[in-house]
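Presented below is the structure to which this report refers.
Laboratory data are not the source of any read-out in this text; all were calculated from the coordinates shown. Computed from a prediction, not measured in an experiment: that's the story for all the values here. Methodologically, a virtual Cβ is constructed for each residue, glycine included, from the backbone with ideal geometry; neighbour enumeration extends over all protein chains shown.
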Amino acid sequence: MVPKFCRLAWRVNDMENFTSQMGELVGAQFFTPGFIAELYPDADFKVMFGEHGIEPIQPGAEGLAFGEDSGSLIEIAIDVANAEDVRAKLEGAGYQPTAISYLPVPAVNEYLFGSDFHGVPFLACTEGVNEEQIRSERPFDFLADAAPPKVACVTLVVKDADALAADLKSFHGMDFMESDPAGFARRALIGPHRVKLIEGPSALLDGVEGPLVSADIILSDVEAARARFEAAGYGVKHIRPLASGGNAYYFGPTVQGFPVTLYPASADAEILGLEVKPS
């Protein structure tokens, strides 16, 4: 299905620390060596990439050639039917890509448009090209097919959710509907693409850099993961009872500032704002 969320890139200052801690807390050794850094043999930054949808990037001494104006959130990548079509539409509206990444195996580009686009760095990539690139060297599942734990949704705080939703519909083909803001704000929009936009102030957002409020991670055993996060010193900031059963737990910033919500995998439909029957 396109369009859909496929990964998020997060700036880290210590790759080994981030990947080992997140792996222990979430409960899986779920980081695999990335391929992107291999495309830039002279670069000194580090990249990891996994089936779970998290892509930590550690800048080197020379920094990064992309994402420098976006804070810790480097990109929210969206699979689209054709990245070239999205690029052309955005450029036609006056936006220019802040970075172009070439993937040699499928021989295509993906395009990052920076924070001048509603304050959120979105990357357009043609569906399947990253998986094809990685599969040239190792097995790799699509995010939709990968087993939990994985990112099921990204929650973003924006100034004007309606305006951003309209542009994401126009340029990326993403449809949104009203959803439960789950205590974060006064309103929320979401869609089957797994991107949630929230609007309005909330005390829950104190200390969150933004625009990324949360990487919403689904797990087979959410209570065990909650206990591990709490034991590591990350307290639950908000508990959301779920109609489908169990709870969602919002921690806010965790390892190197990475903001996290934990959901039981059984709540996937509810995450996307679909009606569910109580369990």
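Observations
- Positive dipole terminus of the range 150-271, leading residue within Leu168, Val158, Phe229 (C-beta point charges): Phe229
- For the range 88-98, Karplus couplings with θ = phi - 60° (6.51, -1.76, 1.60), whole Hz, Gly/Pro x: 4, 5, 5, 5, x, 8, x, 8, 10, x, 8
- Cα-based Rg / Dmax (Å) for the range 142-213: 12.8, 35
- Distance distribution P(r), the range 99-170, all Cα-Cα pairs, bin width 10 angstrom from 0: 16, 37, 35, 12, 0 percent.
- From phi via Karplus (6.51, -1.76, 1.60), per-residue ³J(HN,Hα) for the range 10-22 in Hz, x at Gly/Pro: 10, 6, 10, 9, 8, 4, 4, 5, 4, 5, 5, 5, 5
- Rounded to the nearest 20 debye, the dipole size of the chain about its Cα centre is 700 debye, using +1 on the Cβ of Lys and Arg and -1 on the Cβ of Asp and Glu.
- Tail fraction, Cα-Cα pairs, the range 69-125, threshold 18 Å, whole percent: 27
- P(r) of the chain over all Cα-Cα pairs, binned every 5 Å from zero, in whole percent: 1, 6, 13, 18, 20, 18, 13, 7, 3, 1, 0
- Straightening the chain between Asp145 and Ala61 buys 26.6 nm, computed as 0.36 nm per residue apart minus the Cα-Cα spacing.
- Paired Rg and Dmax values of the range 150-271, which use every Cα atom, in angstrom: 14.1, 45
- Distant-in-sequence amide contacts of Val12, defined by a placed amide H-H separation under 5 Å and a gap of 5 or more residues or a different chain, comprise Ile57, Gln58.
- Listed by Cβ neighbour count within 10 Å, with the fewest neighbours leading, Glu91, Glu75 appear as Glu91, Glu75.
- 3J(HN,Hα) along the range 225-237: 5, 4, 4, 5, 4, 5, 5, 7, x, 9, x, 6, 8 Hz, from the Karplus curve 6.51 cos²θ - 1.76 cosθ + 1.60 with θ = phi - 60°, whole Hz, x for Gly and Pro.
- Relative contact order, percent, the chain [alpha-carbon distance under 8 Å, six or more residues apart]: 16
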